[in-house]
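Take a look at the structure below.
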Amino acid sequence: MIGAKFLGNMDSRTFYLGNVNCIAFRGGIPIGRTILGPRMPGDLSLLEKTLTAAQRDMATVTKKGASLAAAPYGSREHRTVTHVDDRGTVTELFDTRWNWHPDPVCFAYTYTIRQGRAKGWGLHKQHEDRYFLLDGRMEIVCYDVRPDSPTCGQISKIVLSPENPRIFSIPTFVWHVNINIGSGDLRVINFPTQPYDHTNPDKYRLPLDTDLIPYRLDPSIGW
């Protein structure tokens, strides 16, 4: 092909014929042809046009793989390890010797969320939640409304998954909703910093579609 410029490999070839047309080949078969026409002075090339409109990805993790996403100020986490052998697995859930949280274990319960469902929005005034995922995948969306917090007014998302076993705490006065983003039921164990008060629950709720929180959720998926 006289005057054609070849770019690509033997299986995927693109020939540029001046500025008139562009023919792409794959496996020796032409798969596309674009009539470009003569380029006028000042015209942007397709490369320039697309790159001008594009947005570059922001960094999401550090060089060591730590997430750069800001969790609510005062939240804590401890990453654990799942030990695997030919019989199965073992994962440690909570050990006061980790010194990851100042409050000891005083109460624990487990709950489930069905696929595609959510629980929230909820807030606690007197105690923190401390979640450890047992099965499935859960996204925690937080909204910090504490006036003196560095993350006040911020929406934060934290994903708990089997690939990254950890225990994660949610501070008091932070609205949060727990969403099942997996393909089956999820199960979480919670180690709240206070036992549940059956006569006076430390639980405050807003509907999923409240206008007071700048995050849209379908109200039909839960409460």
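Cβ separations smaller than 9 Å between residues 6+ apart or across chains give the following pairs from segment 115-136 residues that are surrounded by fewer than 17 Cβ atoms within 10 Å (Cβ to Cβ) and at pLDDT 95 or above to residues that are of a type in the set (Phe, Trp, Tyr) and assigned to a loop (DSSP other than H, G, I, E, B): LYS125/PHE173. Screening VAL61 on (1) surrounded by 11 or more Cβ atoms within 10 Å (Cβ to Cβ); (2) closer than 28 Å to VAL145 by Cβ; (3) not assigned by TED's automatic domain parsing to the domain that holds PHE191 shows it passes everything except condition (1).
Meeting the requirement of 2 or more residues that are of a type outside the set (S, T, N, Q) and farther than 15 Å from ASN178 by Cβ, the strands (runs of 3 or more DSSP E) wholly within segment 40-154 are 77-79, 82-85, 88-91. The single condition among (1) surrounded by fewer than 16 Cβ atoms within 10 Å (Cβ to Cβ); (2) under 15 Å from the mean Cα position of the chain (by Cα); (3) more than 20 Å from ARG114 (Cα to Cα) that SER156 does not satisfy is (1). Beta carbons closer than 7 Å, at least 6 apart along the sequence or on distinct chains, pair a first residue in segment 91-103 that is under 17 Å from VAL81 (Cβ atoms) with a second that is of a type in the set (Val, Ile, Thr) for THR91/THR80; THR91/THR82; GLU92/THR80; LEU93/ILE167; LEU93/ILE189; PHE94/VAL105; PHE94/ILE167. Of the residues in segment 167-188, none is more than 23 Å from VAL81 (Cα to Cα), of a type outside the set (Val, Ile, Thr), over 19 Å from the mean Cα position of the chain (by Cα) and assigned to a strand (DSSP E or B).
Just one of the listed residues (ILE189, ILE167, ILE181) is of a type in the set (A, V, I, L, M, F, W, C), surrounded by fewer than 21 Cβ atoms within 10 Å (Cβ to Cβ), in contact with a strand residue (DSSP E or B) (Cβ under 7 Å, 6 or more places away or on another chain) and within 17 Å of TRP100 (Cβ to Cβ), namely ILE189. When we screen PRO150, PRO171, PRO192 for residues that are over 14 Å from LEU134 (Cα atoms) and out of contact with any Asp or Glu (no Cβ under 8 Å at 6 or more places or on another chain), the only hit is PRO150.
Being over 25 Å from THR96 (Cβ atoms), assigned by TED's automatic domain parsing to the domain that holds THR96, surrounded by fewer than 15 Cβ atoms within 10 Å (Cβ to Cβ) and touching a helix residue (DSSP H, G or I) at 6+ places or on another chain (Cβ under 9 Å) is true of ASP209. Among the numbered conditions (1) out of contact with any Pro (no Cβ under 8 Å at 6 or more places or on another chain); (2) in the same structural domain as GLY184 (by TED's automatic domain parsing), the only one that HIS127 does not meet is (1).
The values are calculated or read from the model by the stated rules, or taken from the named source; none is laboratory data. Since the structure is predicted, the reported quantities are computational estimates derived from the model, not experimental observations. Ideal geometry is used to build each Cβ from the backbone, glycine not excepted, and the neighbour counts take in all protein chains shown.
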